[in-house]
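In what follows, a structure is listed as structure tokens, so that the remarks can point back to it.
The values are calculated or read from the model by the stated rules, or taken from the named source; none is laboratory data. Remember, it's a predicted structure, so these values are computed and weren't measured experimentally. Don't worry about glycine lacking a Cβ; one is built from the backbone with ideal geometry, like all the others, and counts go over all protein chains shown.
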Amino acid sequence: MNNLGEKILLSLLAGISFGCSITPRRQWHVLKTTAMLWDDPDRKNLGSGIRNLNRLKLIRKIKNTDGTCKVELTEKGKFRALNYYFKNIKIKEKKWDGKWRMLIFDVPEKLRKGRNALRWKIKRMGLYELQKSVFIIPYECKEEVSFVVDFFGLEDYVNYGVLESIDNDIQLRKIFDLP
């Protein structure tokens, strides 16, 4: 899949996310994120990209009675778009507010593959492993972590918290290169 196809699928997924957003703040976040995808649009190839996605059955084109055309994601397209989003999800490092974000999970052995995949992904996102199922990071990341946890279907086994202080604060500041 080329970069243009990925942008189109993620934009269509953003349309779904925008429609499901309850608050204006969340809607603004969806719009801002989508706009960053298209900082340099390649309008010339957009039509061929849409035709290619239609041929791959990732999208469906529906012609309206007034002559316009509607494009929507198929289930296969939604899955592919979520995978693109999942692959690229990152936690943005901001100015530290002095609080620690902690992720704690206790996933049963029968869901071991999901647990291991969750552990692998959150490490790649920058969370530090304090203990086997306890991770910490100094930056706000609830949305990103919630998406990953939901992606693996482990929401019943994971807790997210914000800490004012922690015993090994000095050591953690060194790990994250904080003042």
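Here are some notes:
- A search for C-beta distances below 8 Å between a residue of the range 88-103 that is closer than 19 Å to Gln171 by Cβ and free of Cβ contacts under 8 Å to residues at least 60 places away in the same chain and any residue that is polar (S, T, N, Q) and surrounded by fewer than 14 Cβ atoms within 10 Å (Cβ to Cβ), counting only pairs 6+ apart in sequence or on different chains, returns Leu103/Asn159.
- Test: residue in the range 91-101 that is closer than 29 Å to Leu58 by Cβ and either surrounded by 12 or more Cβ atoms within 10 Å (Cβ to Cβ) or touching a helix residue (DSSP H, G or I) at 6+ places or on another chain (Cβ under 7 Å) (or both): yes
- Sole residue being more than 12 Å from Phe152 (Cβ to Cβ), at pLDDT 85 or above and not assigned by TED's automatic domain parsing to the domain that holds Tyr160, chosen from Lys95, Lys78: Lys95
- When residues of the range 60-71 are limited to those that are at pLDDT below 85 and surrounded by 12 or more Cβ atoms within 10 Å (Cβ to Cβ), the one farthest from Gly15 (Cα to Cα): Lys61
This table checks each residue for (1) assigned by TED's automatic domain parsing to the domain that holds Phe79; (2) loosely packed, with under 13 Cβ neighbours inside 10 Å; (3) closer than 14 Å to Lys90 by Cα; (4) over 16 Å from the mean Cα position of the chain (by Cα).
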position	(1), (2), (3), (4)
Phe105	no, no, no, yes
Lys113	no, yes, no, yes
Asn116	no, yes, no, yes
Trp120	no, yes, yes, no
Val134	no, no, no, yes
Ser165	no, yes, no, yes
Gln171	no, yes, no, yes
